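Report on the structure given below.
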Amino acid sequence: MTVISQVILQADDELRYPSSGELKNIKAFLETGVKRTRIAATLSENEKKIVQEATKKLWQKRPDFISPGGNAYGEKQRALCIRDFGWYLRLITYGVLAGDKEPIEKIGLVGVREMYNSLGVPVPGMVEAITSLKQASLDLLNAEDAGETAPYFDYIIQAMS
């Protein structure tokens, strides 16, 4: 939920107007809107490049994932892994746009460990995959934007660890 939604809902629950501190938080949120939109656009416009780079690095680091018996062995399994990379990148853009980790939690992390465990996908492998995705993404951003974006990746990594 965005800062704006949080302020409105909390004020309404308490039958009051937003406080000056809450209004300052909204102002700060709005002032970072151009940067958050720029980051999300860069990530979404470069999804294919980011995913290709991340998977290349992951397969180099962990060739056992794509070897016989690995969870990404075979064309179908590999395609599913690549699909998940795009899905996680999209989650990151949602968080960046909202300026909050809540969309990532609500849309993407509830039950993720259980899902991967039930599918026999090793969660530590997913952590490595998200780490590769993070690096490929941050490499396309300037230092300030990378610093703004990294915590969203770290949130997913921490949740899976």
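Using the alpha-carbon centroid of each, what span in Å lies between region 5-60 and region 94-128?
Going from one Cα centre to the other spans 18 Å.
Solvent-accessible area of Asp64, probe 1.4 Å, all protein chains present, reported in Å² to the nearest ten, please.
The accessible area comes out at roughly 70 Å².
Using a probe radius of 1.4 Å on heavy atoms only, what accessible surface per residue do you get for region 1-87? Whole Å² is fine.
For region 1-87, the solvent-accessible area averages 68 Å² per residue.
Filter the GluC sites (Glu not before Pro) in region 1-100 down to the DSSP loop ones having no more than 12 other Cβ atoms within 10 Å, then list what survives.
Here the sparse-neighbourhood loop sites are Glu14.
Roughly how many percent of the accessible protein surface of region 1-116 is carbon and sulfur, given a 1.4 Å probe and a whole-percent answer?
Carbon and sulfur atoms account for 57 percent of the accessible area of region 1-116.
Treating only the Cβ of Lys, Arg, Asp and Glu as charged (+1, +1, -1, -1), what charge dipole size does region 32-158 show about its Cα centre? Round to the nearest 20 debye.
300 debye
With n ≥ 4 as the cut-off for DSSP H runs, can you work out [θ] at 222 nm for the chain, using -39500 (n - 2.57) per run divided by the number of residues, rounded to the nearest 500? The partial results should precede the final answer.
Numbers: 8 runs with 117 residues, N = 161.
Helix-only estimate at 222 nm: -23500 deg cm²/dmol.
Step through the table entries Lys35/Lys57; Lys61/Lys106; Lys56/Lys76; Lys48/Lys106; Lys76/Lys101, compare each Cα-Cα distance with 19 Å, and write down the pairs that go over it.
Over 19 Å apart, Cα to Cα: Lys35/Lys57; Lys61/Lys106; Lys48/Lys106; Lys76/Lys101.
Using Cα Rg over 2.2 N^0.38 Å as the read-out, say which of [x] 0.95; [y] 1.19; [z] 1.03 was calculated from these coordinates.
Evaluating Cα Rg over 2.2 N^0.38 Å on these atoms matches [y].
The values are calculated or read from the model by the stated rules, or taken from the named source; none is laboratory data. Values in this document were obtained by computation on a predicted structure and should not be read as measured data. Don't worry about glycine lacking a Cβ; one is built from the backbone with ideal geometry, like all the others, and counts go over all protein chains shown. Areas reflect the complete protein model, heavy atoms only, side chains present, ligands, DNA and RNA absent. Shrake-Rupley method; radii C 1.70, N 1.55, O 1.52, S 1.80 Å.
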